[in-house]
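Trainee: First the structure, then my questions, so here it is.
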Amino acid sequence: MYKKGKLTGVGIGPGDPELITVKGMKALESADVIFYPASKLEGKQEKSFSVQILAQLGLKVSCRPLLIPMNAKNRETNYQLAFEKIKAEVESGKKVVMVAEGDLLFYSTFGYILKLAETENIPCDLIPGIPAFIAAGSAGKRAIVEGANAFEVIARPESFQQIEHALKTDRTVVVMKMSVLNGWDAFLQDCNREFLYAEGIGTSAQFLTTKVEDISDREIPYFSLITFYA
Ligand code: SAH
């Protein structure tokens, strides 16, 4: 059934269009169609971080959004609908690429799409990308982990207590989707760890700091993370 068609997942890195692997770039250039995840709140314009990266690559391939509403209750249905679009293209024999910002299996929509593709025996190739927290290491010019250091990632923390708990160990701790919590200023004042706050890594809006006072009046956007060094 899928004589020629296949799905290739490509991690396109954290924001800088040059932080894509050579293999990923080749897959993008030779695709028949590229799908990128986009979110849309009711009445608002579609938003996509990935399309901004794609737009800088000079591709001649048709790029189409896969709408995944961010705070929708019926997530499963949305993934299924997105998957159906991909499936239809693969079944018609096309080389389909779905991109993911950062790496494609690290807190990414592609992980859900992959499961659906596998249940339907759609051939898949996966090309990893540079995750944002790894890019933050280089941006901050400080080792994320060294020697025998352990490392923990917290995503979408439920409370500051959860982070405090992790910081009681001697691990390096990375918090992603940190914008779900308010009150970072007070928390960082009291915590006894050096940290790097990184926003929009790899984009023209990149902002980095290791000082609490730089964050005090700042609205924390979705594309931000913090690394607490061991
Ligand atoms: N697949 C991505 C992660 C997606 S989850 C990866 O491999 O990095 C989305 C979260 O990742 C954001 O809330 C933020 O914490 C982090 N993130 C992704 N890109 C980022 C960027 N360019 N700058 C800062 N944080 C980023």
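Trainee: Can you run phi through the Karplus equation (6.51, -1.76, 1.60; θ = phi - 60°) for the range 29-37 and list ³J(HN,Hα) in whole Hz, with x for Gly and Pro?
Mentor: Along the range 29-37, the couplings run 5, 9, 6, 8, 8, 10, 9, 10, x Hz.
Trainee: Okay, next question. Most exposed first by the Cβ proxy, i.e. fewest other Cβ within 10 Å, how do 39, 62 rank?
Mentor: Working: 39 20, 62 10.
In order of increasing Cβ crowding within 10 Å: 62, 39.
Trainee: Using only C-alpha atoms and all pairs of different ones, pull out the Kirkwood radius for the chain in Å with one decimal.
Mentor: 18.9
Trainee: For a quick check: sort 77, 8 by the number of other beta carbons within 10 angstrom, fewest at the front.
Mentor: Listing 77, 8 from fewest to most nearby Cβ atoms yields 77, 8.
Trainee: Please arrange 36, 222, 79 by counting, for each residue, the other beta carbons lying within 10 Å of its beta carbon, fewest first.
Mentor: Fewest-to-most Cβ neighbours within 10 Å comes out as 222, 79, 36.
Trainee: Report the charge-dipole magnitude of the chain in Debye, nearest 20, computed about the Cα centre from +1 at each Lys and Arg Cβ and -1 at each Asp and Glu Cβ.
Mentor: 860
Trainee: More than 24 Å apart: what percent of Cα pairs in the range 132-228 qualify?
Mentor: 13
Trainee: Moving on to the next point. Ignoring everything except DSSP H segments at least 4 long, calculate the 222 nm mean residue ellipticity for the chain; use -39,500 (n - 2.57) per segment, divide by total residues, nearest 500.
Mentor: So the helix-based figure for the chain works out to -8000 deg cm²/dmol.
Trainee: Another question about this same structure. Report the gain in length on full extension from residue 207 to residue 107: 0.36 nm times residue separation, minus Cα-Cα distance, nm rounded to one decimal.
Mentor: 33.8 nm
Trainee: Right, something else. With a cut-off of 8 Å between alpha carbons and a minimum separation of six or more residues, what is the relative contact order of the range 132-228 in percent? Can you show the working numbers first?
Mentor: On the way: 143 pairs, mean separation 30.3, N = 97.
Result for the range 132-228 is 31 percent.
Trainee: Right, another one. Specify which residue in the list 127, 53, 162 is farthest towards the positive end of the charge dipole of the chain, using unit charges on the beta carbon of Lys, Arg (+1) and Asp, Glu (-1), about the Cα centre.
Mentor: Working it through, the farthest residue towards the positive pole turns out to be 127.
Trainee: What is the antiparallel percent of DSSP beta bridges lying wholly in the chain, to the nearest 5? Let's see the in-between values first.
Mentor: Numbers: 14 of 38 bridges.
Counting DSSP beta bridges with both partners in the chain, the antiparallel share is about 35 percent.
Trainee: Give the aspartates and glutamates whose C-alpha is closer than 17 Å to that of residue 85, dropping any in the same chain fewer than 8 places away, or say none.
Mentor: Residue 85 reaches 32, 76, 118, 120.
Here, each number is a calculation from the coordinates, and none is a lab measurement. On a predicted model such as this, the values are computed, not experimentally measured, just so you know. Reconstructed Cβ throughout: ideal geometry from the backbone, glycine too, with neighbour counts over all protein chains shown.
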